[in-house]
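Here is the structure we will look at.
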Ligand code: UDP
Ligand code: MG
């Protein structure tokens, strides 16, 4: 049975500042993702804190929110068969040094914090994250 899903993807500040957004978008498209909606913006720190609220007890939470709100990002709704898992596979491991060859994080990520992309990790979070950026 077909399982077309939507997931939220973010091209993070380290990638946008290196002008990698066009290249990363074309990787998604070449892998069969449709970019349903997209926008370029800069978050306030308080908005990053809300977005990453699931991580609020983690030691890296403050740095993570500082970082995500430090520069321009590109947010996209990606659509494909099994989009959520498919995007996570294409992104690679959180730590670019552990990511598989050919993944976006292996190609472009600089470190575990500056790892170039975000992707929703479950259908529940995909819906929450899509609404966060695209619900009026
Ligand atoms: N992160 C970090 N240090 C860590 C773990 C995570 O800076 O030790 C950052 C990293 O940028 C990651 C984000 O926090 O992308 C969210 O962490 P998560 O475990 O959800 O990883 P992801 O789902 O992005 O692979
Ligand atoms: Mg995550």
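The values are calculated or read from the model by the stated rules, or taken from the named source; none is laboratory data. Quick caveat: nothing in here was measured; it's all calculated off a predicted structure. For neighbour counting, all protein chains shown are included, and Cβ atoms are generated from backbone atoms with ideal geometry for every residue, glycine included.
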Picking from 112, 77, 130, 73, which residue would you name as being farther than 26 Å from residue 34 by Cβ and either more than 15 Å from ligand 2 (Cβ to nearest atom) or modelled with pLDDT of 95 or more (or both)?
112
Considering region 85-104 alone, what residues qualify as being in contact with a strand residue (DSSP E or B) (Cβ under 6 Å, 6 or more places away or on another chain) and within 14 Å of ligand 2 (Cβ to nearest atom)?
87, 88, 91
What strands (runs of 3 or more DSSP E) completely inside region 31-136 contain at least 3 residues that are within 13 Å of the chain's Cα centre (by Cα) and surrounded by 14 or more Cβ atoms within 10 Å (Cβ to Cβ)?
73-81, 117-119
Residues being over 25 Å from residue 64 (Cα atoms) and either touching a residue at least 24 places away in the same chain (Cβ under 8 Å) or buried (at least 18 other Cβ atoms within 10 Å of the Cβ) (or both): count how many of those fall in region 1-26.
4
Can you name every residue in region 27-53 that is free of Cβ contacts under 8 Å to residues at least 24 places away in the same chain and within 16 Å of ligand 2 (Cβ to nearest atom)?
48, 49, 52, 53
Report whether or not residue 77 is under 24 Å from residue 135 (Cα atoms), in contact with a helix residue (DSSP H, G or I) (Cβ under 8 Å, 6 or more places away or on another chain), touching a residue at least 60 places away in the same chain (Cβ under 8 Å) and more than 16 Å from ligand 1 (Cβ to nearest atom).
yes
